[in-house]
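Reading through the structure tokens given below for one structure.
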Amino acid sequence: MPTTSSRNPIKCSKGFSLIEIIIVIAVISILLTVVTTKLTGATEKMNAKVCNDNSLQVQELYEAYMILEDAEHSSMFFDAFLQEYDGEVVCPSGGQFMYINEMVQCNVHPRNDFDEEDGESEGVPVL
């Protein structure tokens, strides 16, 4: 019967070595970092899309409000509309809506008609 001193401790090991555990933890950390970065970017894109859709909705309501009140746009009139407007249509990132160049825009997510995902504009296609 061999004694413990004559055995090779590496060959008799039934668990994981410290190096193996450190490597597994490092790989998991790298994977979590990549996934977290991708999710953060996707969340920001989604917030921008929701904000742009909300600003379009507020713009339509504001233009209808101007027609009903038979008024022209002014910054004070737009501020009064926003105070009177009791909707839950807001920027998910906490931005504020402004009326610039006949468009309602957010100060955090400026609205444009260019679709960043596929590089095509939403207007009339050019042949």
### Query
Which one of these does residue 72 not meet: (1) assigned to a helix (DSSP H, G or I); (2) at pLDDT below 90?
(1)
### Message
On the basis of being β-branched (Val, Ile, Thr) and at pLDDT below 90, does residue 104 make the cut?
### Response
yes
### Task
Take the range 62-89 and flag every residue that is more than 25 Å from the chain's Cα centre (by Cα) and surrounded by 12 or more Cβ atoms within 10 Å (Cβ to Cβ).
62, 63, 65, 66, 71, 73, 77, 78, 79, 80, 81, 85
### Residue in the range 13-63 that is farthest from residue 91 (Cα to Cα), counting only those that are among the hydroxyl-bearing types (Ser, Thr, Tyr) and part of a helix (DSSP H, G or I)
29
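The values are calculated or read from the model by the stated rules, or taken from the named source; none is laboratory data. What you are looking at is a predicted structure, and each value in this text was computed from that prediction instead of being measured. Don't worry about glycine lacking a Cβ; one is built from the backbone with ideal geometry, like all the others, and counts go over all protein chains shown.
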